[in-house]
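One structure is given here, and the rest of the page talks about it.
What follows draws every value from the coordinates through simple rules; no lab data is involved. Here the structure is a predicted model, which means the values were calculated and not measured. So basically every Cβ, Gly included, is an ideal-geometry build from the backbone, and we count neighbours across all protein chains shown.
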Amino acid sequence: MWHDVRALNAIASALTALVALACVASGVWWLSQRPMFTLRAVRVESMYGLDLQHVNELTVRNGVIGKISGNFFTTDLEQVRTTFEAVPWVRKASVRREWPNQLIVQVEEHEALGTWGEDGKLLSVKGDVFTANLAEADEDHELPAFEGPAGSEKEVLTRFAELRGWFAPIRLVPESISLSNRYAWTVKLNNGMSVELGREKDNDTLHARVQRLVSIYPQLVARLQEGRIDTIDMRYPNGLALSSAALSIPADATKPVKAAKKKTTTKTTKQI
């Protein structure tokens, strides 16, 4: 009999606790639904305190806020973050709540380094490929062009930095870099010259080929005088091949190659 009473008391206590918990939960839910917790504002700011260059706060906020559901308590912050990261020029976003009815969204913008491929995409300084308005990207200066197999973006980015340094002694700057599906490198310079560097046999292959070109380039320019070199192939182990409208091949192959007269348009290729 005594044990039955104790069991009934325990059950009654448990039921009382459950009822109290349900009341508390109901009260919390009721409070969370009050109009004061309806989202009133979404503030967009730079993640690092810098001015936003391409992300317009008003446009982004108005375009995204309609996709946000819930209130201060129930809004899915992960879903909000994903929505903002789908906005052009946004590389990364973080979201937090600010009492009692506001969200603070911090964004990191992409910084375009150049174009990527032929699909109108851009390559950022961090090696990310993204889609945005190209007119906004090159409004200050023309962007270099990059191309390569999927997954090679950071490799191409690294090579671009190296090539800038390697060609600096002859004051030439890479304007485009292409890595073929066979992993052969081609670089076009700001003087219009295209250089075939080929595939890397080891870590020093490309650097050695560029150094060889840099060392002989002043002689080539002096020999051609005002003529422009169109292409140079540096894949030969002990030489190079070039094409230029300023070269004229004599009928007698035993005679040396001479620079063509001014205004000559004949295009030839000669291995040096």
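For Arg61 and Lys154, a Förster radius of 35 Å and the Cβ-Cβ distance give a FRET efficiency of 0.60, rounded to the nearest 0.05. Stretched out straight at 0.36 nm per residue, the stretch from Ala241 to Arg182 would grow longer than its current Cα-Cα span by 19.2 nm. Length gained on full extension, Ile104 to Gln53, computed as 0.36 nm times the residue gap minus the Cα-Cα distance: 16.5 nm. For Lys92, nonlocal amide neighbours, meaning residues 5 or more places apart or on other chains whose placed amide H falls under 5 Å from its own, are Glu108. Treating r as the C-beta distance of Asn191 and Glu162 and R0 as 25 Å, the FRET efficiency rounds to 0.85. Applying the Karplus relation 6.51 cos²θ - 1.76 cosθ + 1.60 with θ = phi - 60° to the range 117-127 yields 3J(HN,Hα) values of x, 10, 9, x, 9, 10, 10, 8, 5, 9, x Hz, where x marks Gly and Pro. Close amide H pairs (under 5 Å, H built 1.01 Å from N) link Leu39 with Phe72, residues at least 5 positions away or on another chain. With 0.36 nm allotted per residue and the present C-alpha distance subtracted, the Ile216-Asp202 stretch has 2.8 nm of extension available.
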